[in-house]
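All remarks here apply to the structure that follows.
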Amino acid sequence: RLELTQLFREAKAYGGKTVTVCGWIRTLRSSKALGFIELNDGSCFKNLQVVFQDGQVGNFKEITKLNVGTALSVEGEVVLTPEAKQPLEIHAASISVEGTSSPEYPLQKKRHSMEYLRTIAHLRPRANTFNAAFRVRSVAAFALHRFFNENGFVYAHTPIITGSDCEGAGEMFHITTLDAENPPRTEDGQVDYSKDFFGKKTSLTVSGQLNAESMALAFGKVYTFGPTFRAENSNTPRHAAEFWMLEPEIAFADLNDNMDLAEAMLKYAIRYVLDNCPDEMAFFNNFFDKGLIERLEGVASADFARCTYTEAIELLEKNKDQFEFPVFWGCDLQTEHERYLTEKVFQKPVFVTDYPKEIKAFYMRINDDGKTVAACDLLVPGIGEIIGGSQREERLDVLTARMAELGLAEEDYEWYLDLRRFGGTKHAGYGLGFERLIMYITGIPNIRDVLPFPRTAGSAEF
Ligand code: 4AD
Ligand code: MG
């Protein structure tokens, strides 16, 4: 069997040859003695035109009655068609039906709403939008691995089950083997997690960062890439309960090194997808966002902007009345603020740095002013935050003081504090929301449509 990607790639070499291809019917039309099938085998975005004629294939009548979605195996001659939209077609000598479909097949040629397609998540990978999105997802993931591999990083695997809340935001999915109806209780009536599987209360991880820090202080440069979980009850187009995060961590590095790495990584990934998914990207450019490719070309070749949180607040305060949420020094930036900065003010990706310590996690390094931390969020047009990162607090006394302020129990973090006790050095890292990157690259506006099987509040089907 010849894959269509190979056939299109080396079209000229196959001209006049007899080949066998397999795939699914996307469209079928026929007249009395002549029929046309658009066949897709998933190996590439393009469809192959199959021409079949009564007398040439033995089962002409049967083929004309087939439904969209039928799986076929086709043997025939490759005919080059340099004048036509596609460079070649196949003139079938025989067509065999591998698996039938039916008129109820939901993916008929008409346009479906994204909402409807979410209800058939098991079939939608066959629809153009999702076929393109999930291939871009795969290629972008590979590009990121390649970038870090080329730059000497170790790929570190961090645990999914964890006993610590990295972000301290309390948005964790707890896991337990205790009887939900009748759990063992301590004398004061609390659930007794010492009787649980791990002997303590555990959850699905919200970030691999703390473990990545441990690995970075052994290998120098590491990254993690895996699923993370947040029980955020926010029903927005940018939040999922299960999403993939890529988290590099670098030793002997400060906030500027961190931002330089993030910028180089994103440019590399965008360039790689543009170069390796031309058909998919052309599709998104035509159907989602007419300026997409041109804009991404620009992003991949120009410097990102950088500004401090304090500067950002000054810029936002000038346009206070445009926003639903109040703007003042100390406020957390809302999506509307983030989008205003990146879309209206800078009109490109912008790193916002040095946030007030009160709105950031405990591990971020406190700046000399005592009020802000060495944090960097990357905001991009159309989405807002896609990266959150920081230089880490490496000074043991400052870190433990901050933890005490926040009410974090030292005994829960002894191993993390050891990283400061034994050869602690300045280090930094960030987390890239992988789905948000895919939304940015494809122009798809909802996170539910860049995850093959999305899990969001109230929805975990398929
Ligand atoms: O900003 P966050 O919370 O940062 C961390 O978790 C750090 N520990 C990362 C690090 O420094 N190693 O999350 C990082 C990114 C966000 O910028 C966002 O893109 C994405 O993860 N993200 C989500 N994506 C989808 N759905 C959610 N519920 C998300 N929450 C965060
Ligand atoms: Mg964040």
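The values are calculated or read from the model by the stated rules, or taken from the named source; none is laboratory data. Note that the coordinates shown come from a computational prediction; the quantities given were computed from them, not determined experimentally. Reconstructed Cβ throughout: ideal geometry from the backbone, glycine too, with neighbour counts over all protein chains shown.
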Apart from one, (1) under 22 Å from Asn256 (Cβ atoms); (2) more than 16 Å from ligand 2 (Cβ to nearest atom); (3) touching a helix residue (DSSP H, G or I) at 6+ places or on another chain (Cβ under 9 Å) all hold for Val373; the odd one out is (2)
Among strands (runs of 3 or more DSSP E) completely within segment 193-269, the ones holding 3 or more residues that are touching an Asp or Glu at 6+ places or on another chain (Cβ under 6 Å) are 221-229
Mind checking whether some residue in segment 302-319 is without any contact (Cβ under 8 Å) to a residue 40 or more places away in the chain, among the polar types (S, T, N, Q) and under 12 Å from Leu341 (Cβ atoms)?
yes
- Query: Has segment 342-365 got any residue that is of a type in the set (A, V, I, L, M), in contact (Cβ under 8 Å) with a residue 24 or more places away in the chain and more than 15 Å from ligand 2 (Cβ to nearest atom)?
  - Reply: yes
Checked segment 408-422 for anything touching a residue at least 12 places away in the same chain (Cβ under 8 Å) and over 16 Å from Glu249 (Cα atoms); matches are Leu408, Asp412, Tyr413, Trp415, Leu417, Arg421
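Yes/no per residue for (1) away from ligand 2 (no atom under 16 Å from the Cβ); (2) within 25 Å of Ala282 (Cα to Cα); (3) assigned to a strand (DSSP E or B); (4) in contact with a Ser or Thr (Cβ under 6 Å, 6 or more places away or on another chain):
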{"site": "Gly388", "(1), (2), (3), (4)": "no, no, yes, no"}
{"site": "Glu414", "(1), (2), (3), (4)": "yes, no, no, no"}
{"site": "Ile441", "(1), (2), (3), (4)": "yes, yes, no, no"}
{"site": "Arg448", "(1), (2), (3), (4)": "yes, yes, no, no"}
* **Residue check for His157: of a type outside the set (S, T, N, Q), part of a helix (DSSP H, G or I), within 23 Å of the chain's Cα centre (by Cα) and modelled with pLDDT of 95 or more** => no
| in a loop (DSSP other than H, G, I, E, B), in contact with a helix residue (DSSP H, G or I) (Cβ under 8 Å, 6 or more places away or on another chain) and either free of Cβ contacts under 8 Å to residues at least 24 places away in the same chain or closer than 17 Å to Gln86 by Cα (or both) - does that describe any residue in segment 18-37? | no
Q. Would segment 419-435 turn up any residue that is part of a helix (DSSP H, G or I) and within 16 Å of ligand 2 (Cβ to nearest atom)?
A. yes
Considering residues that are touching a Ser or Thr at 6+ places or on another chain (Cβ under 9 Å) and surrounded by fewer than 23 Cβ atoms within 10 Å (Cβ to Cβ), the number found within segment 421-430 is 0
| said: Taking the conditions exactly as written (of a type outside the set (Ser, Thr, Tyr) and within 30 Å of Asn59 (Cβ to Cβ)), does Leu107 satisfy them or not? | reply: yes
Reported set for segment 361-389 where residues are touching a strand residue (DSSP E or B) at 6+ places or on another chain (Cβ under 7 Å) and farther than 24 Å from Met265 by Cα is Ile366, Asn367, Lys371, Thr372
If we keep only residues of segment 217-240 that are under 20 Å from Gly163 (Cβ atoms) and of a type in the set (Gly, Ala, Ser), then the residue farthest from ligand 1 (Cβ to nearest atom) is Gly226
Note on Trp244: of the conditions (1) within 16 Å of ligand 2 (Cβ to nearest atom); (2) within 25 Å of Leu451 (Cβ to Cβ); (3) crowded, with 21+ Cβ neighbours inside 10 Å, unmet is (3)
Taking segment 1-23 and keeping only residues that are surrounded by fewer than 14 Cβ atoms within 10 Å (Cβ to Cβ) and either touching a strand residue (DSSP E or B) at 6+ places or on another chain (Cβ under 9 Å) or closer than 15 Å to Ser94 by Cβ (or both), one is left with Arg1, Lys12, Gly16, Lys17, Thr18
The condition from (1) exposed (fewer than 15 other Cβ atoms within 10 Å of the Cβ); (2) over 30 Å from Phe287 (Cβ atoms); (3) charged (D, E, K, R) that Glu115 misses is numbered (2)
Only one of Ser203, Ser234 is surrounded by fewer than 18 Cβ atoms within 10 Å (Cβ to Cβ) and either farther than 20 Å from Thr442 by Cβ or in contact with a Ser or Thr (Cβ under 8 Å, 6 or more places away or on another chain) (or both), namely Ser234
Could you say whether any residue in segment 331-351 is within 19 Å of Ile250 (Cβ to Cβ) and either loosely packed, with under 15 Cβ neighbours inside 10 Å or touching a helix residue (DSSP H, G or I) at 6+ places or on another chain (Cβ under 7 Å) (or both)?
yes
Filtering segment 400-414 down to residues that are under 18 Å from Ala169 (Cβ atoms) and of a type in the set (A, V, I, L, M, F, W, C) yields Met403, Leu406, Leu408, Ala409
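Just give me the residues in segment 112-161 being closer than 19 Å to Phe225 by Cβ, touching a Ser or Thr at 6+ places or on another chain (Cβ under 9 Å) and among the small types (Gly, Ala, Ser), in sequence order. If you could, list the steps in order and put the result at the bottom.
Here is the first cut: in segment 112-161, the ones closer than 19 Å to Phe225 by Cβ are 133-161.
Okay, now just the ones that are also touching a Ser or Thr at 6+ places or on another chain (Cβ under 9 Å), so 133, 136-137, 155-161.
The answer is Ala133, Ala156.
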